[in-house]
Amino acid sequence: MKINDVILRTVTKIVVFIILTLSVYLFFSGHYSPGGGFIGGLVLASAIVLMYLTSDIETVHKGMPFDFKLVAALGVLIATGTGFASVIFGKDFMTQAAMKLNLPIFGETELASVVLFEAGVAMTVIGVVVTIILSISEDE
Amino acid sequence: MTINLAIVIPFLMAILIPILYRRFTKLHIGWLVLAVPVIIFIMLVRLIPFVAEGHTYSHTYNWIPSLDINFTTYLDGLSMIFGLLITGVGSLVILYSIFYLSAKESLQHFYCYLLLFMGAMLGVVFSDNLMVLYAFWELTSVSSFLLIAFWHHRKASRAGAQKAMLITVTGGVSMLVGFIMLHMMTGSYSVHEIIRNVSQFTDHQLFVPAMILILFGAFTKSAQFPFHIWLPDAMEAPTPVSAYLHSATMVKAGIYLVARLTPIFGGDAIWFWLVTVAGLVTLFWGSFNAVKQTDLKALLAFSTVSQLGLIMSLFGMGSVAFKLGYSDSTIIYTQATFAALFHLVNHSTFKGALFMMVGIVDHELGTRDVRRLGGLMSLMPLTFTVAVIGSLSMAGMPPFNGFLSKEMFFAAAIHMRDLDIFSISSIGILFPVVAWVASIFTFVYCMIIIFKTFFGKPYEKSEGKPIHEAPIGMLVSPIILCVFVVGIFIFPNVLGQYILKPAMASIYPGFAPAEVLTPKIHAWHGINMELLMTIGVVIVGVMLYRKLKTWKPVYRLFPYRFSFNELFRHLLEGLESGSNKVTTSYMTGSLRKYVLYIYLFFIVAVGGYFLFSGGFAYSSANDAPVEIYELMLIIVMLLAGISMLFVKSRLTATLLNGVIGFGVSIFFVIFRAPDLALTQLIVESVTTVLFLLCFSFLPEWKREDSPKSVKISNAVIAGAVGALVVVMSFAVMYYDEFDSISSYFENAYELAGGANIVNTILGDFRGFDTMLEVVVLFIAGLGVYTLIKLKARKEDTDNEN
């Protein structure tokens, strides 16, 4: 069955970037306003799923040659690893730290270790969602 | 700190090994692994002088203080002995394994498991907190399982691994219950705190149950009768593993626990009888059965069972000193404990050497069957020497260390006759008798090891390759152990003063100064009862060995049907078929049924709870007025929901489901929960894609044609679930059975530095939950992947099963 999806394809090309930008924004804004690792990751994953829907798997894979299982595994490692990091510094498990920095362009910026944790969450979400969808769709 | 490191290093290395394995393809990975136990051994040896002076080391790292679970490491004399054994024997075994296992085996797995075991075992002996100890304890079972099944293409290996796992883990769980009971009594998981306060609890009603449950764990681990059946089957493991786990270290974990807890439970009649009798029966049964074995490794397995029984019974005998209290006349009974510790070390040396010897024979000849072996003395002189030294030490002959501890064992058994507590006096004579009889059998099987393997008709190899001595690398470890066997005989008091003395102090806290408890060990103490018993053992043993053929039919008196192995098999099969029946009765494979179960359970559990707790309360006083657009939204969702029941294609149903989902997210927006709205929106989109993907694999949608009664009951259940959810959502507003938790998050900005309270909860307050959820999500993803991608490939079943 051949579907004429020119409109979808054209829109996707632009929309994907908007979604990707949104996901990055959501990820970083999570500390003070709505967003965060889980939502950011999920939005990013849905962007990837959209790309898979419009073009075939090989094309997308050429653009993003990641093994998403590895992405998920790395995410879990980071999320648990940040928990243990505080142990190494002699604090209790999963103690988070934050510091304020004055960066040239961004002005006063807060660096928080919770960002790393959230990054782990986001990566796991992306990896798992894409892995599940890919493995179901690739099944013969 | 050193001790924390000692536990952590093996685990770190276990993670690194699979990575390093690919880098060092030329080098046998074992050399890298060898560094771990050697380093820890040296670290521990440096601490010996301090521990010998009576110092102890303790370091606490708070883990879950609210549950009284802390990572407390503790080093005293007793844990020192075990730490030295684990790392010392561990070094030798790894050295030996480098030559035993060819590079073709999957070495990275082997050493990864071995390091896991080493770390877990060190964790067991260095943990002061019972919960941490339990965690490490189970980890030793798991790693032992993995190591026994290392050659997992063999059916016997898998069966042996399963048996060992089932028995030791059953014991482990009962032990956990025992620990929890101890905590309920004393309010502490710390062994040393419990020991300090134990006198207040000996009359507690949980005291005896806790003791029995913990002993059950210790007995299964240390292969005490009748749980010994897993140990002979575990011999399917590679020989280095048998030498390490199943003779020198892991099986001694149970003994360690008994020794460690003697200050708590010792002095109780039940403890004395259980430990002593289990030990003596095991001692006798193991040695008696070892004689009939034809496989050298099985023979050694039974001999290990028997020796473990010996050590166990000695700890039992030593515990009477707690009942009697400390005085000059009772000091004699503490000597049983001293003998136990002494024999523990000795057993590790000679049994390790013997296992390695059998491994060499197996490696060079390809068989361990005593009926086929023979005449190896001239072909393998060094191996023969190892076998003679090891066997004679096990038989309790001078000039080897086994002689010294065996004599002390006899002495301890003889002293039991004079006791008149615990109603011992009537049967006190049995102690030395059983000890003596078991020692005779021990002597007989030691003779079998030496004479059937190395003397007699030469072994003929079918391929005609000449038999030669093992490579020197394999011989180094057993020879080092043999040096210890002889060395300890010559200088027993070095061991006594530096290693055993502090251990005595940790088993008998508050007793006399450790110097008094530590006797001078003499090889020659005049002609006394013990020596006469040893001479008797030799005379009767030689006679029995000579006449082996005439009395061996005795073993046929026990029909196989009634053996514990058969009992275990029947139990297992019954369990398997029973649980299979139960499971297949409700796991029909029909998704509709499963959903039904879930809903029924929901109705019964949640609905029942609301019904009986009387938690439902509702008043409309505080409700906000319903706006017109909210009403419209509700109507849209209702319409979508109702029409879903009547649509004829899955696609339409999914879309309608999406309408409900998006409706909910609009509600979230209206009620100012942007986080939830965002999440709901994205989840809704992704699940719709998922649904559509899955539908392409499903068969055509057929009209449901179940009978009317089923349809009605389904409708009732569905309605009930819906009603219940409505009730719940009304009730949560007024529910007051639990305190509100919102006060925890009031200072979110100060505590977590974030203005978005949802994320501070997710990432900080409940960060632990989030972390575990991430792990669960990952596991679920992997599950889906493996289910779909790695469907049982039918052509790949060249395994034995």
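The values are calculated or read from the model by the stated rules, or taken from the named source; none is laboratory data. Since the structure is predicted, the reported quantities are computational estimates derived from the model, not experimental observations. Cβ placement follows ideal geometry from the backbone for every residue including glycine, while neighbour counts extend to all protein chains displayed.
Identify, by number, the condition in (1) crowded, with 24+ Cβ neighbours inside 10 Å; (2) of a type in the set (Phe, Trp, Tyr); (3) under 19 Å from residue B:125 (Cα atoms) that residue B:230 doesn't meet.
All conditions are met except number (3).
Taking the range B:621-644 only, how many residues are at pLDDT below 85 and within 55 Å of the chain's Cα centre (by Cα)?
0
Given the residues B:653, B:723, B:718, B:731, which is the only one that is of a type outside the set (S, T, N, Q), surrounded by fewer than 13 Cβ atoms within 10 Å (Cβ to Cβ) and away from chain A (no Cβ under 14 Å)?
Being of a type outside the set (S, T, N, Q), surrounded by fewer than 13 Cβ atoms within 10 Å (Cβ to Cβ) and away from chain A (no Cβ under 14 Å) holds for just one of B:653, B:723, B:718, B:731, which is B:723.
If you take the residues in the range A:84-101 that are surrounded by 18 or more Cβ atoms within 10 Å (Cβ to Cβ) and facing chain B (nearest Cβ under 10 Å), which one is modelled with the highest pLDDT?
A:96
Criterion first (more than 37 Å from the chain's Cα centre (by Cα), aromatic (Phe, Trp, Tyr) and not in a helix (DSSP H, G or I)) does residue B:551 satisfy it?
When the stated conditions are applied, residue B:551 does not pass them.
Conditions: (1) of a type outside the set (Ser, Thr, Tyr); (2) surrounded by fewer than 21 Cβ atoms within 10 Å (Cβ to Cβ); (3) touching a helix residue (DSSP H, G or I) at 6+ places or on another chain (Cβ under 6 Å); (4) at pLDDT 85 or above. Residue B:451 meets all but one. Number of the miss?
Residue B:451 satisfies all of (1) of a type outside the set (Ser, Thr, Tyr); (2) surrounded by fewer than 21 Cβ atoms within 10 Å (Cβ to Cβ); (3) touching a helix residue (DSSP H, G or I) at 6+ places or on another chain (Cβ under 6 Å); (4) at pLDDT 85 or above except (3).
Which ranges mark the helices (runs of 4 or more DSSP H) fully within the range B:370-447 that have 1 or more residues being of a type in the set (Asp, Glu)?
Of the helices (runs of 4 or more DSSP H) lying wholly inside the range B:370-447, those with at least 1 residues that are of a type in the set (Asp, Glu) span B:401-415.
Can you tell me which condition residue B:429 does not meet? The list is (1) at pLDDT 85 or above; (2) surrounded by fewer than 17 Cβ atoms within 10 Å (Cβ to Cβ), and all the others hold.
Going through (1) at pLDDT 85 or above; (2) surrounded by fewer than 17 Cβ atoms within 10 Å (Cβ to Cβ) one by one, residue B:429 breaks only (1).
Can you give me the number of residues within the range B:9-23 that are under 20 Å from residue B:240 (Cβ atoms) and exposed (fewer than 13 other Cβ atoms within 10 Å of the Cβ)?
Residues that pass the stated criteria total 0.
Condition first: facing chain A (nearest Cβ under 9 Å) and farther than 19 Å from residue A:42 by Cα. Now tell me which residues in the range B:762-785 satisfy that.
Scanning the range B:762-785 gives B:764, B:768.
With (1) farther than 19 Å from residue B:121 by Cα; (2) aromatic (Phe, Trp, Tyr); (3) surrounded by 15 or more Cβ atoms within 10 Å (Cβ to Cβ) as the list, and residue B:57 as the residue in question, which single condition is left unmet?
That leaves (1) as the condition not met.
Suppose the filter is in contact with a helix residue (DSSP H, G or I) (Cβ under 6 Å, 6 or more places away or on another chain), surrounded by fewer than 22 Cβ atoms within 10 Å (Cβ to Cβ) and at pLDDT below 90; does residue B:381 pass it?
no
Before we move on, is residue A:8 touching a residue at least 40 places away in the same chain (Cβ under 8 Å), within 14 Å of another protein chain (Cβ to nearest Cβ) and closer than 29 Å to residue B:761 by Cβ?
Spelling it out, it is not the case that residue A:8 is touching a residue at least 40 places away in the same chain (Cβ under 8 Å), within 14 Å of another protein chain (Cβ to nearest Cβ) and closer than 29 Å to residue B:761 by Cβ.
Select from the range A:111-129 the residues that are more than 7 Å from chain B (Cβ to nearest Cβ) and surrounded by fewer than 24 Cβ atoms within 10 Å (Cβ to Cβ) and write down the one among them that is modelled with the highest pLDDT.
If we take residues in the range A:111-129 being more than 7 Å from chain B (Cβ to nearest Cβ) and surrounded by fewer than 24 Cβ atoms within 10 Å (Cβ to Cβ), then A:119 is modelled with the highest pLDDT.
Considering only the range B:672-694, state which residues are within 7 Å of chain A (Cβ to nearest Cβ) and in contact with a helix residue (DSSP H, G or I) (Cβ under 6 Å, 6 or more places away or on another chain).
Scanning the range B:672-694 gives B:675, B:678, B:679, B:682, B:685, B:686, B:689, B:693.
List the number of the failed condition for residue B:753; all other conditions in (1) exposed (fewer than 12 other Cβ atoms within 10 Å of the Cβ); (2) at pLDDT below 75; (3) within 21 Å of residue A:120 (Cβ to Cβ); (4) not basic (Lys, Arg) hold.
(1)
Is there a residue in the range A:5-14 that is surrounded by 13 or more Cβ atoms within 10 Å (Cβ to Cβ), of a type outside the set (S, T, N, Q) and at pLDDT 85 or above?
Looking for residues that are surrounded by 13 or more Cβ atoms within 10 Å (Cβ to Cβ), of a type outside the set (S, T, N, Q) and at pLDDT 85 or above, one finds at least one in the range A:5-14, hence yes.
Looking at this structure, is residue A:19 closer than 18 Å to residue B:674 by Cα and more than 8 Å from chain B (Cβ to nearest Cβ)?
Taking the combined requirement at face value, the residue satisfies it.
Just to be sure before I move on: is residue B:737 in contact with a helix residue (DSSP H, G or I) (Cβ under 7 Å, 6 or more places away or on another chain), among the acidic types (Asp, Glu) and either more than 30 Å from residue A:26 (Cβ to Cβ) or away from chain A (no Cβ under 14 Å) (or both) in the structure I sent?
It is true that residue B:737 is in contact with a helix residue (DSSP H, G or I) (Cβ under 7 Å, 6 or more places away or on another chain), among the acidic types (Asp, Glu) and either more than 30 Å from residue A:26 (Cβ to Cβ) or away from chain A (no Cβ under 14 Å) (or both).
Restricting attention to helices (runs of 4 or more DSSP H) lying wholly within the range A:1-67, give those where 1 or more residues are charged (D, E, K, R) and more than 10 Å from the chain's Cα centre (by Cα).
Fully inside the range A:1-67 and qualifying: A:6-29, A:57-63.
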